[in-house]
Amino acid sequence: MQNNKFIEFRKKYKEFIYDKFELYEKDNKIIIKYYFEITDLAKFNPIIEIDKKEIKFNDIDNDYVKNLAFNIGMVELISYWKCACPSKVIVKCGYLNEEQIQWFKKLYFYGLGEYRYVNNITMTQDEMMQIIVEQDYKEIINNNEYTNSGILIPIGGGKDSTVTLELLKKYKKDNYCLIVGGKQPSIDCAHIAGYEDNQIIEVKRTIDSNLIELNKNGFLNGHTPFSALLAFLSYFIAFLTNKKYIALSNESSAEETNVEGEKINHQYSKSYEFEKDFQYYSQKYLKGDIKYFSMLRPINELQIAMLFSKNEQYHSTFKSCNVGSKQIPWVWCGNCPKCLFVFIILSPFLYNNGKLTKIFGQDLLQKESLLETFKELCGYGKTKPFECVGTYEEVNFAITKTILELEKENKKLPYLLQFYKDNYKLVDISKDLTKRYNEENSVPKELEEILKGKIFND
């Protein structure tokens, strides 16, 4: 049954307006301020601030760079549109042709798949919105003449991006790290990898307080495709800093749906489908000589965990818990699906020696309160948890391997592993997931050889 609030808001608030944006420099920062409005409801002015530090940025006062900023806004707006879901989106400050309009509608539809599912909203991609562009076509030319080199590496503070940092360390002198949100573990991980402050680009993203207030008052809310925003933002920064590559840390496991039989993926904007879509869009419409790809696309979560387990210098610093990220300092909450998943996927490598419990400050496999989450991660719940977690296959493989290792040494199984053994069948681990390789990827050949060496030779 369709969400009554969705029906009510959509009838009452018919227009979302992307009015304009401002792009300027102030106090050694590049600032992009957006002007959005839902007619008869609220105006929104989200702000993105890029700290230049001592890093040399190219000039921003030209139509090409302004077009990049405009495109970032096309993703930023979805966080505000979703509170009332107006049927019309009126774009006043930039041009999009019909193919671009359909490209963004696809991103919105699948990027908000979880949002639609959780809020019980039923609509097709075509029904979602009508995008009306008021500006006429204007040719945008990239006149910059430069030889780009090095890699821009977005850092989230978790195990995945630290693995990418280590894989690409031979290129370190030409690389920059990109951190959105300024979380200390992200900055610390970059420092551990050997990056100086003048190689770390920090971005502050300010959510408009009007949206926060609307959410408090019962307007619609839910997950948005942040990684799509990161794609456009990283492209913008890579262009301004002359980088050749943008190396994400999204793995092959990001493809799995959260709801069986439906294309609803919490990690849609981390998927290879989106990666290919963005490559197409950026080549055709952004027109910069920058390659966007995921360094970890060929491998799975278990392989990432294996590589990470060897990088002990990060073990006391990395964090992935979204609940804990809201605290200062960032902590592992120890109660959410993300915490339990990371604990499980690292368990074949770090549990038996006690290192994993030391990292988290507690043994999550002993927590009876996590049983339902445990079932969902294993594939025995209604849905896969709406978090950035691995596949059922990876989880069950990791659990089985840990159980067998503990039993081999006649050690007592912790609560969740004993429950698993008593209720589910151990999986066949003779076909080692840590030796798989997904050939469907976009990793440049010279970088792919590094990854293959780590997986098959180390």
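The values are calculated or read from the model by the stated rules, or taken from the named source; none is laboratory data. Quick caveat, the model's predicted, so the values are computed rather than measured. Because the Cβ atoms are built from the backbone with ideal geometry, glycine has one as well, and the counts that use them run over all protein chains shown. SASA here: full protein model, heavy atoms, side chains in, ligands and nucleic acids out. Shrake-Rupley method; radii C 1.70, N 1.55, O 1.52, S 1.80 Å.
Across the range 161-306, the volume of the C-alpha convex hull divided among the residues equals 155 Å³ per residue. Its Cα gyration tensor gives the range 212-288 an equivalent ellipsoid. The semi-axes, each the square root of 5 times an eigenvalue, are 27, 19, 11 Å from largest down.
The label-point distance for GLU25 and TYR380, in a model that sets each label 7 Å from Cα toward Cβ, rounds to 6.0 nm.
The slack between LYS106 and THR206, meaning 0.36 nm per residue of separation minus the straight C-alpha distance, is 33.4 nm. Surface composition of the range 144-247: carbon and sulfur make up 45 percent of the accessible area, probe 1.4 Å. Tell me, which longest segment in the chain has none of the GluC sites (Glu not before Pro) that fall in DSSP loops with at most 13 further Cβ atoms within 10 Å? Longest run free of exposed loop sites: 263-408. Taken over the range 176-246, the convex hull of the Cα atoms encloses 116 Å³ per residue. With a threshold of 31 Å on the Cα-Cα distance, the over-threshold entries among LYS29/LYS310; LYS26/LYS138; LYS56/LYS169; LYS170/LYS408 are LYS29/LYS310; LYS170/LYS408. Computed from label points 7 Å out along Cα-Cβ, the spacing between LYS435 and LYS12 is 6.2 nm. Under the criterion of Cα pairs below 8 Å and six or more residues apart, the relative contact order for the chain equals 15 percent.
Can you give the % of DSSP beta bridges in the chain that are antiparallel, to the nearest 5?
50
Given their separation in residues at 0.36 nm each and the Cα-Cα distance between them, LYS43 and LEU404 gain 124.2 nm when the chain is fully extended.
Projection of the Cα convex hull of the range 361-458, averaged over all directions and equal to a quarter of that hull's surface, yields 8.9 nm². The distance from the alpha carbon centre of the range 32-53 to that of the range 163-234 is 18 Å, rounded to a whole number.
How large is Rg/Rh for the range 124-209, to two decimals, with Cα atoms and a Kirkwood Rh? My calculation puts Rg/Rh at 1.16. Take the convex hull of the alpha carbons in the range 33-99; its mean projected area over all directions comes to 5.9 nm². How much FRET efficiency would the formula 1/(1 + (r/R0)^6) give for TYR392 and GLU127, where r is the Cβ-Cβ distance and R0 is 35 Å, rounded to 0.05? FRET efficiency, TYR392 to GLU127: 0.65. At a probe radius of 1.4 angstrom, the accessible area of the chain per residue rounds to 43 square angstrom. Close amide-amide hydrogen proximity is noted between GLY157 and no other residue 5 or more places distant or on a separate chain, at a cut-off under 5 Å (H modeled in the peptide plane; Pro and chain starts excluded).
Among the helices of the chain, those built from whole DSSP H runs whose Cα atoms reach 15 Å or more along their own axis and whose mean Kyte-Doolittle hydropathy is at least -0.5 are 63-76, 226-240, 337-350, 392-408, 445-456.
Residues whose amide H comes within less than 5 Å of that of LYS20, counting only those at least five positions distant or on another chain, are TYR35 (H built at 1.01 Å from N in the peptide plane).
Among the chymotrypsin sites (Phe, Trp or Tyr not before Pro) in the range 373-458, which ones are in a DSSP loop with at most 14 other Cβ atoms within 10 Å of the Cβ? Mind listing them?
TYR380
Quick one: if the Förster radius is 41 Å, what FRET efficiency do ASN58 and GLU98 give, using the C-beta to C-beta distance and rounding to 0.05? Using R0 = 41 Å, I get an efficiency of 0.85.
Once the Cα gyration tensor of the chain is diagonalised, what are the square roots of 5 times its eigenvalues, in whole Å and ordered largest first, as equivalent ellipsoid semi-axes?
On the way: eigenvalues 279, 153, 75 Å².
Its equivalent ellipsoid spans semi-axes of 37, 28, 19 Å.
Taking amide H as placed 1.01 Å from N in the peptide plane, ILE246 has its amide H under 5 Å from the amide H of LEU152, LYS291, TYR292, PHE293, each at least 5 places away in sequence or on another chain.
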